[in-house]
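Colleague: Input: one structure, supplied below.
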Amino acid sequence: MTLAAATAHPRSATGARIEYTSVSKKFGDTTVLTGLNLTVEPGEFVALLGPSGCGKTTALRILAGFETASSGTLTVDGRDVLPVPAHRRGIGMVFQSYSLFPNLSVADNVSFGLVVRREGKAKRVAKLTSLLDLVGLPGFADRFPAQLSGGQQQRVALARALAVEPRVLLLDEPLSALDARVRASLREEIRNLQLRLGITMLFVTHDQDEALAMADRVAVMRGGGIEQIDRPGVLYDQPSTDFVARFVGTTNQLAVARGAAVPELWAPHQDGDRDLLYVRPELLLLEASERGSAHIVSHLYRGATTRITAKIEGDISHGSSEIKVDVPSASVTELPIGLRVQVRLTGRPALRMEA
Amino acid sequence: MVQMRQSTRATRGIRVVAPGLSWALIILVALYIAVPMLCALAFSIYVPTTGFTFVPYLESVRDPGFFGALSLTLLITVLTVVGLLAIMVPTMVYLHLKAPRWRPVIEIVCTIPLVVPSIALAAGLVTVLRSMASFGRGSVPAQISQLLQNPDLPIVLVGSYIVLTLPFVFRSLDAGLRTIDLRTLVESAHSLGASGATVLRRVILPNVKGPVIFCAFFCIALCLGEFTMAVTLGYRTLPVWLTQIAGSNFRASISMSLLINALTWALLIAMTVLAGRAAPARVLALKGHKS
Ligand SMILES: Nc1ncnc2c1ncn2[C@@H]1O[C@H](COP(=O)(O)OP(=O)(O)OP(=O)(O)O)[C@@H](O)[C@H]1O
Ligand SMILES: [Mg+2]
């Protein structure tokens, strides 16, 4: 937790640069990765986000050396790693299932990589102490994995991976098996650790909150390729495709007349002549109005804000006839269920596309 | 062995059989095993005409064939255990990791020795070895046949015993490897810099210690007691020698078979204790959960 701990990892002070170029992967007839292109800068934290089965794990396993690529190149700091066997790549990995060696104590688990590398005892002991401090488990050295909680096991797994000072650390849904509270605290710890050590991290998740909260950049994957990669704020405010707009965050799709620079909701339009707006719930405003073309259906209290669902009428609806609007919880009393309201836009839509 | 411990713990709460009945069963089994052995013991140390004696034991050990048979049997045992584990552990690991689709096929192949009587196996082997030898002196098949049947190093017998243990060894190792998260453990170790051999030695073996010890024990028991193959292939192992001296000195042969039997039991107990110790982490874990 101190500076000393950070300086104990001089080689990792700068992480490595990772570059996937047109990496594809086939299992038999099914193509799992379709020419993946991805560059991760030294010391960067990139999250791979996407629906189940889109190839996130496969992309990671190819880099770790547990899976071969069908074509394409993959370099770490400019060196082609595809021909290098997994145990010589020096790439750390943390798995969803903790994967601690059940026959070894915490101390032996963490020291495993150093023992394999024939490091001296003094160095191993020093490393162990500083790493257990780093992951917040001092005094746990003599426990066995089965005596630890899930969160503690994952901390040990993290310490074990960091012990060999990898320049790249891969994490495949490391928090998915943990309960919400532990997940939230470990999320922060991992991010802080990464910033302090400067390791390049590639983090797989299908939890968008996790991705947006932790990563420098988030790569949204779909069907074996990257749909968009950007900083979390950009991804949220300016998604480039329908898929990203709907996959990241909550989105209302509203049909409006084409053309107008400032879109006017409920302006008359015809079917072939419409634009589709993707609007975040916090960018819509509800005002009580007898002549409004929506009415409030339900409230969902979420602490500071309340999510209101309203039913809209007219040809503004696209697919769903319901919209979701976030309002400060303090103002909910003015918007009771059943109230007829007018809907207004208070900011720039995340995305505007021809319908 | 680990699983057995855990399952006895798990089932302790549920009484399937009334306590009295289960004790009766245990006593019955114990009698079934103990009575013949006790009779043999009595027979070997008590001669009705002269009273108690240890002469049969001394005679059996003094027999000129004894040490030859003993050393041959021990050599075969050691080679079989080492060969068996060296072949089967990596094979089973490979099967689980890289070729799980082949598992059912290998399972069936490994089960064959169970359904083929060992006399048939031995007869088949003899036929093959003879036909190889019939290629004539100096020919390659004849040389291979000779090499396999080297009287001092009976490779053919070692191989046969490995085959005979396969049905049990396959199941034991298979079950052992299923209880651990093999793939993730191996991949974690690789990502920490461990090569294949290191992973096998430091990660896999310690986590399947119980099954491995069981395999070794089973193999030892088989090697110490197997008769059919050895006699058919013409080797004078301990059991073969025993039956040979039984004709001339029956009491001595009974005394020796008792000794071998005792040795087997001692091994069984030692292995059970060892296998129990093989999993300190898990035993600790169980205690940990309780408190
Ligand atoms: N060894 C394999 N053999 C055949 N198909 C595989 C293999 N491994 C993965 N796949 C397939 O490849 C696709 C992508 O798998 P992958 O595990 O990379 O997805 P993922 O994005 O990590 O999904 P999840 O979020 O569910 O973990 C899936 O359709 C999966 O069925
Ligand atoms: Mg996955």
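Colleague: For region A:46-76, name all the residues that are away from ligand 1 (no atom under 14 Å from the Cβ) and more than 17 Å from B:Ala194 (Cα to Cα). Break it down stepwise before answering.
Modeller: Taking region A:46-76 and keeping what is away from ligand 1 (no atom under 14 Å from the Cβ), we get A:46, A:65, A:71-76.
Passing the criteria: A:Val46, A:Ser71, A:Gly72, A:Thr73, A:Leu74, A:Thr75, A:Val76.
To keep it simple, each residue is scored yes or no on (1) exposed (fewer than 14 other Cβ atoms within 10 Å of the Cβ); (2) not in a helix (DSSP H, G or I).
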position	(1), (2)
B:Leu58	yes, no
B:Gly83	no, no
B:Met88	no, no
B:Gly136	yes, yes
B:Ile144	no, no
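Colleague: Let me ask another. Suppose the filter is assigned to a helix (DSSP H, G or I), touching a strand residue (DSSP E or B) at 6+ places or on another chain (Cβ under 7 Å), surrounded by 23 or more Cβ atoms within 10 Å (Cβ to Cβ) and not β-branched (Val, Ile, Thr); does A:Ala219 pass it?
Modeller: When the stated conditions are applied, A:Ala219 does not pass them.
Colleague: State whether the residues of region A:192-202 include one that is more than 26 Å from A:Val40 (Cβ to Cβ) and more than 16 Å from ligand 2 (Cβ to nearest atom). Step through it out loud before you land on a result.
Modeller: If we filter region A:192-202 for residues that are more than 26 Å from A:Val40 (Cβ to Cβ), which is where we start, we get none.
No, region A:192-202 contains no residue that is more than 26 Å from A:Val40 (Cβ to Cβ) and more than 16 Å from ligand 2 (Cβ to nearest atom).
Colleague: Only one of these conditions is not met by A:Leu132: (1) without any contact (Cβ under 8 Å) to a residue 40 or more places away in the chain; (2) part of a loop (DSSP other than H, G, I, E, B). Which number is it?
Modeller: For A:Leu132, the exception is condition (2).
Colleague: Taking A:Gln147 and the conditions (1) more than 10 Å from every other protein chain (Cβ to nearest Cβ); (2) over 25 Å from A:Val204 (Cα atoms), which numbered condition does it fall short on, given that it satisfies the others?
Modeller: (1)
Colleague: A further question follows. Within region B:176-268, considering only helices (runs of 4 or more DSSP H) that don't extend past its boundaries, which have at least 3 residues that are away from chain A (no Cβ under 14 Å)?
Modeller: In region B:176-268, the matching helices (runs of 4 or more DSSP H) lie at B:209-225, B:228-232, B:238-248.
Colleague: Of the residues A:Leu104, A:Leu100, only one is within 11 Å of chain B (Cβ to nearest Cβ), over 14 Å from A:Ala16 (Cα atoms), in a loop (DSSP other than H, G, I, E, B) and within 25 Å of the chain's Cα centre (by Cα); which?
Modeller: Working: A:Leu104 fails: within 25 Å of the chain's Cα centre (by Cα).
Of the residues listed, the single one that is within 11 Å of chain B (Cβ to nearest Cβ), over 14 Å from A:Ala16 (Cα atoms), in a loop (DSSP other than H, G, I, E, B) and within 25 Å of the chain's Cα centre (by Cα) is A:Leu100.
Colleague: Taking the options A:Leu265, A:Leu202, A:Leu277, name whichever one is over 30 Å from A:Ala177 (Cα atoms) and either assigned to a strand (DSSP E or B) or of a type in the set (Lys, Arg) (or both).
Modeller: A:Leu277
Colleague: Could you list, in sequence order, all residues of region A:34-67 that are more than 12 Å from ligand 2 (Cβ to nearest atom), hydrophobic (A, V, I, L, M, F, W, C) and either within 14 Å of another protein chain (Cβ to nearest Cβ) or assigned to a helix (DSSP H, G or I) (or both)?
Modeller: A:Ile62, A:Leu63, A:Ala64, A:Phe66
Colleague: Next up: Determine which single condition A:Thr30 fails, assuming it passes every other condition in (1) away from chain B (no Cβ under 12 Å); (2) within 16 Å of ligand 2 (Cβ to nearest atom); (3) under 24 Å from the mean Cα position of the chain (by Cα); (4) modelled with pLDDT under 95.
Modeller: (3)
Colleague: State whether the residues of region A:77-86 include one that is among the basic types (Lys, Arg), away from ligand 1 (no atom under 16 Å from the Cβ) and facing chain B (nearest Cβ under 10 Å). Break it down into steps so the answer makes sense when it comes.
Modeller: Applying the first criterion (among the basic types (Lys, Arg)) to region A:77-86 yields A:79.
Subset that is away from ligand 1 (no atom under 16 Å from the Cβ): A:79.
Keeping just the survivors that are facing chain B (nearest Cβ under 10 Å) gives none.
For region A:77-86, residues among the basic types (Lys, Arg), away from ligand 1 (no atom under 16 Å from the Cβ) and facing chain B (nearest Cβ under 10 Å): absent.
Colleague: Related question: Are there any pairs, at least 6 apart or on different chains, whose C-beta atoms fall under 8 Å, with the first in region B:141-169 and of a type in the set (D, E, K, R) and the second at pLDDT 95 or above, and if so, which?
Modeller: Between residues of region B:141-169 that are of a type in the set (D, E, K, R) and residues that are at pLDDT 95 or above, there is no close pair.
Colleague: To continue, here is another question. For region A:173-195, name all the residues that are of a type in the set (D, E, K, R) and part of a loop (DSSP other than H, G, I, E, B).
Modeller: Result: A:Glu173, A:Asp179.
Colleague: Just name the residue that is farthest from A:Gly249 (Cα to Cα) out of those in region A:170-194 that are in contact (Cβ under 8 Å) with a residue 60 or more places away in the chain and away from ligand 1 (no atom under 16 Å from the Cβ).
Modeller: A:Gln194
Colleague: Continuing with this model, one more query. Got a sec? Which of A:Ser70, A:Ser130 is touching a strand residue (DSSP E or B) at 6+ places or on another chain (Cβ under 8 Å), away from every other protein chain (no Cβ under 12 Å) and either more than 16 Å from ligand 2 (Cβ to nearest atom) or within 23 Å of B:Val208 (Cβ to Cβ) (or both)? Spell out the reasoning first.
Modeller: Working: A:Ser130 fails: touching a strand residue (DSSP E or B) at 6+ places or on another chain (Cβ under 8 Å).
Unique residue meeting the criteria: A:Ser70.
Colleague: Within the bounds of region A:179-188, is there any residue that is crowded, with 24+ Cβ neighbours inside 10 Å, closer than 30 Å to A:Arg17 by Cβ and touching a helix residue (DSSP H, G or I) at 6+ places or on another chain (Cβ under 8 Å)?
Modeller: no
The values are calculated or read from the model by the stated rules, or taken from the named source; none is laboratory data. Predicted model, so just to flag it, every value in this text is computed and none were measured. Using ideal geometry, Cβ is built from the backbone for each residue, glycine included, and neighbour counts are taken over all protein chains shown.
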